[in-house]
Amino acid sequence: MFEGKIANLMISENEAFLKKDSGEEVGVQEVNPNEADGNMTTGCFNLLCKGFVPSNTSEVPGFKIWPLSVYNGTQYVIRVKLHKDETSGNWLLHVQDKLLGYWPKTLFKSLSVGAQEINWGGNVNFENSQRSPPLGSGHFPEEGGGKAAAIQEIQFVNQHGEPYDLNPDLVSSYVDNIPCIKLGELFHTNIGFMFYFGGPGGC
C-alpha cells in the first residue's frame, strides 16, 4: 500500500471483492446487497451500508492503514481474507490475520449461497474536467518489486475456510486506461500468485 497524491473529488484505490451473477457484491471496501444497477443507487462503502458486525470497534472497514510502503524503500503488506463461514453462512473479513467482523448472510440473496466471481485490482475515479490520479505507487508494473504496487499471495478459500491456489487458466484481465495505468502479468512465486499494477495517471 503506497501513499498517493490526489486532488479533491478524486478516488484512487486498491480493491478486492466477490460477486454473484445477480449483481450482489461484498468486498473489502464495498458491499452491494441489492440488485445491480452499476452502483448508481445501490451499494455503499465501508460502514455506510448497515449490517456489518464488528468484532473490535477500533478497527472496522474504513480504518486508516499505516504505515505505508515507500517507493524503492521499506515495503508493507496488508493481508486480507474474505470468505463465507461454513457454519453461520456469514461473510467474514480478516485483515492481518485478525477477524474484523462479518456481514450477516441475511443481507444477501444469491451471495448467501456463495460467490461466482472474485476480483482483484485497482480503480480510479475523477471528474470529467480533471486528469486521472495515479494508481498504486504511481509507477508502472514493469518496475517490479519495491517500486510498483502489487497484489500478492492470491488464493481462493474453500467452504472450510482453508486456502488453495487458483487456476490461472480461469483468470482474465481488464484495463481501460492503458496509456496511464497498466496491469502486469499474473505469475506464481513461493508465496503464491501475484501481479503488479498501477501508473502515474494524467490522462
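Of Phe63, Asn167, Leu99, which is farthest towards the positive pole of the chain's charge dipole, taken about the Cα centre with +1 and -1 on the beta-carbons of Lys, Arg and Asp, Glu respectively?
Of the listed residues, the answer is Phe63.
Let me spell out the model: positive unit charges on the Cβ of Lys and Arg, negative unit charges on the Cβ of Asp and Glu, origin at the Cα centre of segment 11-198. What dipole size does that give, in debye rounded to 20? Each step should come with its number before you reach the end.
Numbers: 13 positive and 22 negative charges, 96 e Å.
Taking the Cα centre of segment 11-198 as origin, the dipole is about 460 debye.
Express in nm, to one decimal, how much length is gained between Trp66 and Gln96 on full extension, taking 0.36 nm for each residue of separation and deducting their alpha carbon distance.
This chain segment gains 9.6 nm when fully extended.
Beyond a 18 Å Cα-Cα separation, which of these cross-linked pairs lie in this structure: Lys81/Lys109; Lys19/Lys84; Lys19/Lys182; Lys50/Lys109; Lys81/Lys182? Each step should come with its number before you reach the end.
On the way: Lys81/Lys109 21 Å; Lys19/Lys84 12 Å; Lys19/Lys182 23 Å; Lys50/Lys109 16 Å; Lys81/Lys182 25 Å.
Too far apart for the 18 Å limit: Lys81/Lys109; Lys19/Lys182; Lys81/Lys182.
For the pair Glu142/Glu3, report the inter-label distance in nm, with labels modelled 7 Å from Cα in the Cβ direction.
So the label points at Glu142 and Glu3 sit 2.9 nm apart.
Would you please give the residues with an amide H less than 5 Å from that of Gly201, counting only those at least 5 places away or on a separate chain, with H modeled from the backbone geometry?
The answer is Leu135.
Can you compute the charge dipole magnitude of segment 91-203 about its Cα centre, using +1 on each Lys and Arg Cβ and -1 on each Asp and Glu Cβ, nothing else charged? Give it in debye, rounded to the nearest 20.
It works out to roughly 380 debye.
Apply the Karplus curve 6.51 cos²θ - 1.76 cosθ + 1.60, θ = phi - 60°, to the phi angles in segment 93-109 and return the couplings in whole Hz, x for Gly and Pro.
Values, residue by residue: 10, 10, 10, 6, 6, 10, 6, 8, x, 8, 9, x, 4, 5, 6, 10, 9 Hz.
For the chain, modelled as a GNM with alpha-carbon contacts under 10 angstrom, which of Lys19, Lys98, Lys182 fluctuates the most?
Checking each option, the largest mean-square fluctuation is seen for Lys98.
Going through segment 97-203, which GluC sites (Glu not before Pro) have at most 11 other Cβ atoms within 10 Å and a DSSP loop state? Intermediate results must be reported in sequence, preceding the final value.
Details: sites: Glu117, Glu127, Glu142, Glu143, Glu153, Glu185; in loops: Glu127, Glu185.
Sites meeting the loop and neighbour criteria: Glu127, Glu185.
In segment 11-198, with Lys and Arg counted as +1 and Asp and Glu as -1 at Cβ, which of these residues, Gln155, Ile181, Asn72, has the Cα nearest the positive end of the dipole, that is, farthest along it?
Result: Asn72.
Once amide H atoms are built 1.01 Å from N in the peptide plane, which residues 5 or more positions from Leu100, or in another chain, come under 5 Å H to H?
Amide H neighbours of Leu100: Leu93, His94, Val95.
Values quoted throughout were computed directly from the atomic coordinates according to the rules given, and no laboratory measurement underlies them. Predicted, not measured: the structure shown is a model, and the values here were computed from it. Every residue, glycine as well, gets a Cβ built from its backbone with ideal geometry; the counts of neighbours run over all protein chains shown.
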